[in-house]
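Visitor: Take a look at this one; I'll ask things after.
The values are calculated or read from the model by the stated rules, or taken from the named source; none is laboratory data. These figures come from a predicted structure and were not determined experimentally. With ideal geometry, Cβ positions are generated from the backbone for all residues, glycine too; neighbour counts draw on all protein chains shown.
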Amino acid sequence: MQTYLEKRDAATNQARYYRMLVLPNLFGAWTLYREWGRIGQGGKVRMEWFDSEDLAVGGAARAGSCKTPTRVLGRAAAIGHV
């Protein structure tokens with residue numbers, strides 16, 4: 001699962017992104033990888049580990065639930081949802 005959101009607003013010089021991935025790791029667990037920051041620069045990363053894919057996807061849903069269109073995207077649109 002991968003989610004990528006962008007917010008661009010030339011009037012306020014904002015260019016932000018937020019990305020979440022759910023990935024299997026080498027130890028049989030699942031990783032929720034979250035990255036955010038300014039587009040074109042290195043961002044901050046947070047990783048959380050879960051025992052199952054369902055738990056990791058649930059963690060992504062909880063983390064993404066606060067990223068509503070008015071808070072993160074503003075007038076921008078979600079780029080992709082795979």
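Visitor: Looking at (1) among the hydrophobic types (A, V, I, L, M, F, W, C); (2) buried (at least 16 other Cβ atoms within 10 Å of the Cβ); (3) modelled with pLDDT under 90, find the lone condition where W36 falls short.
Guide: The number of the failed condition is (3).
Visitor: If I ask for residues that are surrounded by 16 or more Cβ atoms within 10 Å (Cβ to Cβ), touching a helix residue (DSSP H, G or I) at 6+ places or on another chain (Cβ under 9 Å) and within 18 Å of V57 (Cα to Cα), which ones from segment 15-30 would you list?
Guide: Y18, M20, L21, V22, W30
Visitor: Sticking with this structure for a sec: Mind checking which pairs have a first residue in segment 47-62 that is not in a helix (DSSP H, G or I) and a second that is not small (G, A, S), Cβ under 6 Å, 6 or more apart or different chains?
Guide: M47/T31; M47/Y33; E48/L32; W49/T31; F50/W30
Visitor: Can you tell me how many residues within segment 17-41 are polar (S, T, N, Q) and touching an Asp or Glu at 6+ places or on another chain (Cβ under 9 Å)?
Guide: Count: 1.
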